[in-house]
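Asks: Here's a structure for you.
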Amino acid sequence: MTPFRGAFVAIVTPFIDGEIDEQGLKDLIEFQLENGTHGIVPCGTTGESATLSHAEHQRVVELTIKTVNGRVPVLAGTGSNSTSETIELTRHAKEAGADGALVITPYYNKPSQEGLYQHFKAVAEAVDLPIILYNVPSRTAVDMSAVTIARCAAIDNIVGVKEATADMSRACDVICRCPADFAVMSGDDFTALSLVLLGGTGVISVTSNVNPKGMADLMNAALAADVAKARLIQYKLFPLMGAMFYDTNPVPAKKALELMGKIRSGAPRQPLWHMGEEPLNRLKVVLKDQGLIG
């Protein structure tokens, strides 16, 4: 059975005065593990990987692996729009002891489908580490087709995909084309339940940052095919899932964690900016309704 199963948190990177808050990150990881999260994903989009230096990126991965200490899988974000840089970051993740690498499709330069295949093939051949593809066209301006994903799935150490298209037809196509043991994980909290019931293996979640137990319970119920229980959890969490996108991810998640007292500062790194008054007030209402703040 794939280890990439259940609710994995795309964990935020806390900053204080622009520097990584290492104790804050360690505390967040413990909060996740105490509440049943099935895996930790450092340096993903939600971890603001795009504005981390190489040294910071490597430190976050190393600190996460050390803090988790084998209790759950660590799936390190290692993607870039440069193949050589992706190989470098993936090689570091392996050396640091990660259980796998989450590798985004190259953003901005818009490679063809053949270019995407050759990119992932090069990374997989260069580093013997389980690789989860990450397809999020809303962020990258390139969409990896189900056919290309299936071609990549034939490479031994490409073992899954994070599908963040919110397209259930696409998800079905991927599942149909790929091997039975290929992990198909949702990149959208809203669609995680649907995807698992269609044969997916879980979610890489933003909402797990602020309610890890709720998302873990949702995935546990879905994977056990307890549809009635899963549906109840889905609709309870639904307003919170929406609130995580009142501003650009991860701005609301980080602010929520600050309001909950889980990190000292929810400040994002520029060019992201603090929430405005109106969306912040709406976020507070949802957090209060969900019992996450007083």
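The values are calculated or read from the model by the stated rules, or taken from the named source; none is laboratory data. Computed from a predicted structure; not experimentally measured. Every residue, glycine among them, receives a Cβ derived from its backbone with ideal geometry; neighbour counts consider all protein chains shown.
Asks: Looking at this structure, is VAL9 more than 13 Å from ASP99 (Cα to Cα) and part of a strand (DSSP E or B)?
Replies: Values: more than 13 Å from ASP99 (Cα to Cα): yes; part of a strand (DSSP E or B): yes.
Against the criterion (more than 13 Å from ASP99 (Cα to Cα) and part of a strand (DSSP E or B)), VAL9 qualifies.
Asks: Would you check which residues across the stretch 82-116 are closer than 15 Å to ILE149 by Cβ and either aliphatic (A, V, I, L, M) or assigned to a helix (DSSP H, G or I) (or both) and list them?
Replies: Matches in the stretch 82-116: LEU102, VAL103, ILE104, GLN113, GLU114, GLY115, LEU116.
Asks: Same structure again: Criterion first (among the β-branched types (Val, Ile, Thr), surrounded by 17 or more Cβ atoms within 10 Å (Cβ to Cβ) and assigned to a helix (DSSP H, G or I)) does ILE233 satisfy it?
Replies: So ILE233 passes the test.
Asks: With the condition being surrounded by 22 or more Cβ atoms within 10 Å (Cβ to Cβ), free of Cβ contacts under 8 Å to residues at least 60 places away in the same chain and among the acidic types (Asp, Glu), I'd like the strands (runs of 3 or more DSSP E) fully within the stretch 117-214 carrying at least 1 qualifying residues.
Replies: Where strands (runs of 3 or more DSSP E) fall fully within the stretch 117-214 and carry at least 1 residues being surrounded by 22 or more Cβ atoms within 10 Å (Cβ to Cβ), free of Cβ contacts under 8 Å to residues at least 60 places away in the same chain and among the acidic types (Asp, Glu), they are 158-163.
Asks: Ok, one more. From the set of residues in the stretch 215-235 that are without any contact (Cβ under 8 Å) to a residue 40 or more places away in the chain and among the charged types (D, E, K, R), which is farthest from LYS288 (Cα to Cα)?
Replies: The extreme case among them is ASP226.
Asks: Here's another thing I want to ask about it. Testing ALA10 on (1) surrounded by 18 or more Cβ atoms within 10 Å (Cβ to Cβ); (2) of a type in the set (Gly, Ala, Ser); (3) at positive phi, one condition comes back false. Which one is that?
Replies: All conditions are met except number (3).
Asks: Could you give every pair whose Cβ atoms fall below 9 Å, whose first residue belongs to the stretch 280-294 and is more than 19 Å from ALA267 (Cβ to Cβ) and without any contact (Cβ under 8 Å) to a residue 24 or more places away in the chain, and whose second residue is in a helix (DSSP H, G or I) and among the charged types (D, E, K, R), counting only separations of at least 6 or pairs across chains?
Replies: Every condition considered, the pairs that remain are GLY294/LYS288.
Asks: Quick check on THR64: is it polar (S, T, N, Q), assigned to a helix (DSSP H, G or I), under 18 Å from the mean Cα position of the chain (by Cα) and at pLDDT 95 or above?
Replies: Values: polar (S, T, N, Q): yes; assigned to a helix (DSSP H, G or I): yes; under 18 Å from the mean Cα position of the chain (by Cα): yes; at pLDDT 95 or above: yes.
Judged against the criteria, THR64 is a match.
Asks: Oh, and also: Would you check which residues across the stretch 164-195 are aromatic (Phe, Trp, Tyr) and either under 24 Å from LEU237 (Cβ atoms) or modelled with pLDDT under 95 (or both) and list them?
Replies: First pass over the stretch 164-195, keeping only residues aromatic (Phe, Trp, Tyr): 182, 190.
Within the stretch 164-195, just PHE190 meets the criteria.
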